[in-house]
1. Under a plain spin-label model, where a point goes 7 Å from the Cα along Cα-to-Cβ, how far apart in nm are His49 and Leu81?
2. Quick one: length gained pulling Lys183 to Arg59 fully straight, 0.36 nm per residue minus the C-alpha distance?
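Please treat every number below as a calculation from the coordinates, not as lab data. Everything quoted here is computed from the prediction, not taken from an experiment. All Cβ positions, glycine included, derive from the backbone under ideal geometry; neighbour counts span all protein chains shown.
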Amino acid sequence: MTEIRRQAAAIPRSMSSPSGGLPLDQILEQVAAGNSPAFASLYDQTSAHLFGIALRILRRRDWAEDALQETYLSIWRKASLYHRDQGSAKSWLTVLLRNRSLDRLRREAVRGSKVTGDLDDDIRDETPSPLDLACAGATGRRLQECLSALDESPRRVLQMAYWDGLTHDELSERLSIPLGTVKSWIRRSLGKLKACLDL
């Protein structure tokens, strides 16, 4: 059990219930104000989803647990950086988790650990992707406009890769699309997004 899980479990559930029915963006605002019960509620509502993404990216339970813990520490410290007009709270949390997971893969690659999956491109390129930059700095409306300009199938693949944390291999298998096509769609879509967001 991670430290974050222990801390969240230590908060009585009755204290966290006021946040339970609120949308995630409002709960994040409470977390930004230092509200511990809101943080416990956020953890309860999002940890299973985020852990699933971390596990798909990292393929090791211990690494995924570490990435999840680091993500929630970041959420506690940086919740004030989230603004509703930049996109959904779930997307913001997913980007934080994905970045932590890829950081872990990079560290393990440097140490010489065996990295599984088809994430070589992500590991080599340490700069934030256009999608990460968009989620962090552009308005959600602008990002949606740029995403909607993409063809439907490449857009779906891109969203599943970055929002759901699926690897290229998983996307190819799940959607019955050749691996080369998946890679090509993601690469081209990121280029189009960057060009659109730079306008």
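1. Rounded to a tenth, the inter-label distance reads 2.0 nm.
2. Extra length available between Lys183 and Arg59 comes to 42.6 nm.
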